Each structure stands twice: as C-alpha cells, then as structure tokens.
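A.B. asks: This is the structure I have questions about; it appears just below.
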Amino acid sequence: MAEPQISKTYPVKPKHKPKPRTPKQTTESKYWSSFKTKQIPDLISSITSLTFSPTTPHSFAAAHSASLTLYNPQNKFSPTATISSFRDVVSSASFRCDGLLIAASDLSGLVQVFDVKTRTPLRKLRSHTRPARFVKYPVADKLHLVSGGDDAIVKYWDVSGESPICDLLGHKDYVRCGDCSPVSADMFITGSYDHTVKLWDVRVKDSGSVMEVNHGKPVEDVIFLPSGGLIATAGGDSVKIWDLMGGGKMVYSMESHNKTVTSICVGKLGKDGGEEAQQYRILSVALDGYMKVFDYAKMKVTHSMRFPAPLMSVGFSPDCLTRVIGTSNGTIYAGRRKNKEDFEGGSDEELERPLSKYERRQKKLKALSSGDAGGLGPVEEPQVRVLKPTNFRYFHRGQGEKPSEGEYLVMRPRKVKLGEHDKLLKKFRHKEALVSVLGSKNPENAVAVMEELVARKKLLKCVSNLDTEELGLLLMFLQKHSTVPSYSGLLMGLTKKVLEMRAEDIRASDDLKGHIRNLKRSVEEEIRIQQSLQEIQGIISPLLRITGRR
C-alpha cells in the first residue's frame with residue numbers, strides 16, 4: 001500500500017478581516033492620479049486665467065496680477081517669458097491657432113496682442129469703457145478676436161485694423177466669459193451675470209443673439225464641447241450641459257460642488273489615436289477647493305481631487321499630458337503625466353528617475369563612442385573585461401537580468417516559515433499555542449489561532465484548562481481588543497463564555513477581578529461611543545436626504 005501523503009502546513013491567518021469602506025480605485029481614477037503634481041508658488045496674486053498653446057510643446061500662459069507668464073511643461077514647468085506691459089490686472093488670455101501670437105485683456109478695458117517669442121505688443125484694441133473680462137481667438141481664424149467686459153457689450157474685432165467690426169448688444173449685466181465654436185469661426189457664446197448665455201453669429205446683420213439659455217445663476221464660465229452642438233455653463237454650485245441643436249434644451253445639471261464653480265475646461269483621455277482619443281471629460285474647479293472630472297456621456301462624476309485653497313482656473317493641454325490648476329493664493333498646481341515617449345526623448349521625468357548602474361554605464365559608453373568627449377576627438381569604446389571563474393562576479397552573473405516577453409520563468413518554491421504558534425498547532429498542542437499568542441504584540445495572530453481552535457472545536461476546552469496566570473493574560477487581551485470592530489464578532493462571544501465558565505476562579509482572585517473591572521469600563525465606553533454615533537447619524541440622515549433631492 002502506498003504511504004499516505006501529509007498535506008502541507010501553512011501559517012494561520014485571521015478570516016474575519018475588515019473590508020475597506022472606500023471603493024477600489026477605478027481605471028479612470030488611476031489615470032487622473034497619474035499626473036505628477038508640482039507646485040509653482042510665489043506668484044503675485046490670484047490666477048485668473050490659464051490657457052494652453054495649440055502647438056508643440058504646448059506651453060501655457062498664466063494670468064496673475066498685472067503680468068502674463070509663459071511656462072514650458074517639458075522643462076519642469078520653468079517660466080520661459082513674462083509679459084508685464086499691462087496697466088491693470090490681467091483677466092484673460094488666448095493663443096492664436098498657430099501659437100505665434102497671444103491676446104490678453106485687463107481690467108482697464110484694453111485688449112492687447114503680443115508676439116510670443118519677442119513679447120512685443122503688436123496691437124492695442126481700445127473700445128471697452130469698463131474692465132474687459134475675456135478675450136478669445138476663433139478657431140482657425142488669425143484675423144479676428146472676440147471680447148467682452150463689464151460694459152455688457154460683446155465686441156468682434158478686426159485685429160489688423162485695431163477696430164471693432166460690430167458691437168453685439170443683448171446682455172443686461174457684466175459679460176464675464178465666452179468661447180468660440182470648434183466647427184465655425186463665425187459663431188461663439190458668451191455668459192453674463194444676468195444669468196443668461198447667448199449664442200452669437202456675426203453673419204447675422206441685426207447683431208442680435210441667435211439663441212439664449214438661462215443658467216439660473218450668474219454665469220462664471222462657458223465652453224463649447226468638442227462636437228460643437230453642446231455647451232457647458234458654470235454658475236453657482238452647478239455645471240449644466242445644453243443642447244444647441246435641440247433648441248437650447250438642458251441635458252443635465254451636475255451639482256456636486258459645494259461652492260461657486262469658477263472655471264471649466266474640456267479634457268481628453270489617452271493620446272491622439274485609438275478609442276481613448278474620443279473619451280472627453282469636463283474638468284470643473286470651484287471655491288470649495290475641489291476639482292471634479294465629469295463624464296458627460298455617462299452623466300456622472302468619475303474622479304475628484306481636493307486642493308488646500310480655493311480654485312480659480314483650470315486648463316488641460318491638447319496632447320493630454322499636462323493639467324494645470326490656478327488658486328486664489330497665487331499657486332499653480334501643475335500636473336504632468338508620464339509616458340514612454342518622455343523617457344525616450346529625455347524629458348524631465350527621465351531626469352527625475354534614478355538610473356541603474358548598468359544604465360549609467362551604457363549611457364557613458366554611448367556618449368564616449370558618439371561624441372568627441374569634450375573636444376578631444378572621437379574615443380573608441382573600451383573593451384569589456386571578460387569575467388573568469390576567479391572573479392566573484394562570475395558566480396552572480398545574470399541574477400539581475402529580467403525575463404523578456406515570451407520566456408518561461410521557473411520560480412523556486414519558497415520555504416514556508418512557521419511561527420511558534422503554527423508549530424504548536426501542527427503538533428496539536430492547542431493550549432500552549434493559545435497562550436503563546438496572548439502576550440504577543442500582534443493581535444491578528446491571536447485571533448487567527450482562536451479561529452483555528454474554533455474550527456477544531458478546542459477553544460472552550462483550552463479556556464477551561466487555563467491556570468490563573470494564563471486566564472489573566474486572556475482577560476487582558478479581551479479587555480484591549482474585544483471592542484475592535486474587526487475582532488468584536490468573535491471576541492465578544494468568547495468573553496461571555498469565559499465569564500460563564502470561569503466565574504468561580506474570577507471571584508477567588510483579586511487580579512482577575514481587576515481585569516473584569518477594566519473590561520467592563522472598556523465595554524461601557526464603547527457603548528457610549530456607539531450611542532453618540534447614532535445620534536450624529538440621526539442628525540445627518542435628513543440633511544443627506546434633502547441634498548439627494550436637489
């Protein structure tokens with residue numbers, strides 16, 4: 001007859017582990033969390049506007065106080081230029097479609113056009129009688145500008161002639177924001193503090209709005225969605241989506257912010273190719289310090305981030321690699337996402353990544369073989385010394401080599417390390433195993449042993465065989481951990497059984513009576529905490545129901 005095989009022994013682990021209350025991080029949350037955030041501090045005042053250049057390397061301009069600063073995201077967000085020829089606070093900025101010019105408006109009512117490379121003011125457009133709040137270049141239009149301000153007038157400019165082509169009237173309060181259609185250079189939208197958003201077409205001669213929607217609260221920002229048939233408006237604590245093709249019908253209202261939404265923009269998942277390129281999101285920031293990512297295809301918030309200051313502006317680069325957020329205290333939170341092209345191209349992520357010894361050596365050899373090594377002429381690649389059995393490295397060669405794709409990896413089975421209590425359980429010395437873990441600093445091992453003894457139907461027998469000193473250890477363990485939520489299901493029942501079985505021994509010992517008094521105090525304290533939590537829950541539940549109806 002064949003000999004019976006003994007099954008392998010594994011370390012005992014607690015079965016009743018606490019389940020995490022927070023949901024598992026989704027793929028989209030991992031995507032938005034992959035932007036490595038870097039602070040750009042010490043700017044003069046609130047960041048009122050952030051806009052990206054449509055051309056590579058997609059620099060962005062930040063408007064703060066009476067200055068406009070340009071940053072290069074591929075060079076650790078270092079400032080490349082600062083334009084300071086403003087008489088008042090800069091309110092908005094917009095790049096031209098070729099990225100060579102940038103237009104900016106300020107609170108003096110002046111709109112200026114600058115050369116990005118030389119920072120020279122090329123045009124000064126004077127017509128607004130009150131502060132100019134926004135300026136925008138139409139898509140694929142190099143000759144015109146759209147601006148609006150506190151004079152409640154929207155102006156369509158001829159940049160070369162420095163004169164407004166037409167004044168668009170219709171708003172009854174400050175015009176604070178606007179955006180141009182991605183499918184037509186002649187259409188744009190504006191938002192005002194009169195709660196309305198108007199759609200304009202410069203081809204209409206009577207200078208009236210083509211369509212109007214009422215947001216219900218003062219409009220802080222408005223954008224066209226990539227299709228051109230939908231728009232998103234931000235005002236109060238809500239972001240609303242409107243269908244222009246359907247006659248201005250509201251599609252959805254997102255009300256996840258607690259304070260005023262100050263800025264919104266469109267973000268795109270993935271790169272320029274593939275299915276991910278068509279997954280667009282609305283990024284919104286508010287005075288509550290939160291940035292929300294809204295999927296308007298599924299009509300739900302997919303990600304949320306908290307920042308330590310009220311947020312004033314947000315921007316997302318066309319190449320899907322950079323996200324910037326401006327705050328009210330003059331700090332920019334710039335996030336850069338890592339990708340393989342950055343490592344191959346030698347970007348700032350490669351500089352921050354520590355190189356291995358092999359990579360440093362290969363980089364050094366490559367530099368010596370390809371260049372002139374400091375002007376001394378080409379240098380031949382040094383010969384690699386052949387390892388011999390007399391060298392210690394000979395016996396360790398290849399241990400750091402990683403398997404390539406398609407290779408079969410043979411894993412060496414690891415020896416299972418058993419603790420003292422596991423060895424005692426293996427020998428069926430149940431009482432000694434229980435006593436060995438009661439005094440340890442790891443309560444998980446004690447709970448695991450108790451669960452194993454319950455499965456073997458030996459726990460109560462072990463409790464009945466404990467002497468006075470060992471019973472004191474058990475009572476002390478129960479006093480410390482019986483109110484822990486992850487262990488209370490097992491330990492509370494065990495406590496009741498111990499008091500029933502060992503009542504006479506406890507009455508006969510003063511030390512055991514002291515442990516019981518401590519246990520009683522900890523249980524009473526836990527009951528008081530649970531009652532307080534129930535009272536708080538009773539106060540919060542009606543408020544949550546009211547909030548859910550909105």
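The numbers here are math on the coordinates, done by the rules we state, and not lab data. None of these values were measured; they are calculated from a predicted model. Glycine gets a Cβ as well: all are built from the backbone with ideal geometry, and neighbour counts include every protein chain shown.
A.B. asks: Averaging sequence separations of C-alpha pairs under 8 Å and six or more residues apart, then dividing by the length of the chain, give the relative contact order as a whole percent.
C.D. replies: On the way: 1062 pairs, mean separation 54.9, N = 550.
Computed over the chain, the figure is 10 percent.
A.B. asks: Follow-up question, since we're still on this one. Tell me the mean residue ellipticity at 222 nm calculated for the chain from its helices only (DSSP H runs of n ≥ 4, each -39500 (n - 2.57), averaged over every residue, nearest 500).
C.D. replies: Values: 12 runs with 141 residues, N = 550.
Calculated mean residue ellipticity at 222 nm is -8000 deg cm²/dmol.
A.B. asks: Taking the chain as the reference, fit the longest principal axis to its C-alpha atoms, fit the long axis of helix 357-370 to the helix C-alpha atoms, and give the angle between the two in degrees, 0 to 90, nearest 10.
C.D. replies: Helix 357-370 sits roughly 40 degrees off the main axis of the chain.
A.B. asks: Could you pull out which residues in segment 468-486 have an amide N less than 17 Å from a spot 7 Å beyond the Cα of Glu444, following the Cα-Cβ vector?
C.D. replies: 481, 484-486
A.B. asks: Same structure again: Taking the Cα atoms of segment 420-548, what is the range of coordinates along each of the three principal axes, in descending order and whole Å?
C.D. replies: Dimensions of segment 420-548 along the principal axes of its Cα atoms: 60, 34, 24 Å.
A.B. asks: Give me Rg/Rg_expected for segment 17-156, where Rg uses Cα atoms only and Rg_expected = 2.2 N^0.38 Å with N residues.
C.D. replies: Numbers: Rg = 18.4 Å, N = 140, 2.2 N^0.38 = 14.4 Å.
Expressed relative to 2.2 N^0.38 Å, the Cα Rg reads 1.28.
A.B. asks: Follow-up question, since we're still on this one. Which of Lys13/Lys423; Lys441/Lys520; Lys124/Lys205; Lys36/Lys259; Lys36/Lys136; Lys15/Lys431 have a Cα-Cα distance over 24 Å? Mind showing how you got there, number by number?
C.D. replies: Working: Lys13/Lys423 14 Å; Lys441/Lys520 22 Å; Lys124/Lys205 26 Å; Lys36/Lys259 26 Å; Lys36/Lys136 29 Å; Lys15/Lys431 20 Å.
With Cα atoms farther than 24 Å apart: Lys124/Lys205; Lys36/Lys259; Lys36/Lys136.
A.B. asks: In segment 208-316, which trypsin sites (Lys or Arg not before Pro) are in a loop and have at most 10 other Cβ atoms within 10 Å, using DSSP for the loop call? Walk me through the numbers on the way to the answer.
C.D. replies: Details: sites: Lys240, Lys249, Lys259, Lys268, Lys271, Arg281, Lys292, Lys298, Lys300, Arg306; in loops: Lys259, Lys271, Lys298.
Qualifying residues, ordered by number: Lys298.
A.B. asks: Among Phe392, Ala309, Ser65, which residue has its Cα furthest toward the positive end of the charge dipole of the chain, with +1 on Lys/Arg Cβ and -1 on Asp/Glu Cβ?
C.D. replies: Going by the charge dipole, the pick is Phe392.
A.B. asks: Okay, moving on. Output the 0 to 90 degree angle, nearest 10, between the alpha-carbon long axis of helix 468-481 and the longest principal axis computed from the alpha carbons of the chain.
C.D. replies: For helix 468-481, the angle is close to 10 degrees.
A.B. asks: Okay, next question. Need one number: the % of Cα-Cα pairs in the chain sitting beyond the 32 Å mark. Don't skip to the answer; put the middle values down first.
C.D. replies: Details: 94800 of 150975 pairs.
So the pairs more than 32 Å apart make up 63 percent of the total in the chain.
A.B. asks: Let me ask you something else. Cut-off under 20 Å on the C-alpha distance; same-chain residues fewer than 8 positions from Lys249 excluded. Which lysines are left, in chain and number order?
C.D. replies: Within reach: Lys198, Lys217, Lys240, Lys298, Lys300.
A.B. asks: Right, something else. If one takes the longest principal axis of the Cα atoms in the chain, at what angle in degrees, from 0 to 90 and to the nearest 10, does the Cα axis of helix 510-549 lie?
C.D. replies: The angle comes out at about 30 degrees.
A.B. asks: In addition: Taking every pair of alpha-carbon atoms in segment 31-337, give the share separated by more than 28 Å as a whole percent.
C.D. replies: Details: 15082 of 46971 pairs.
That tail contains 32 percent of the Cα-Cα pairs.
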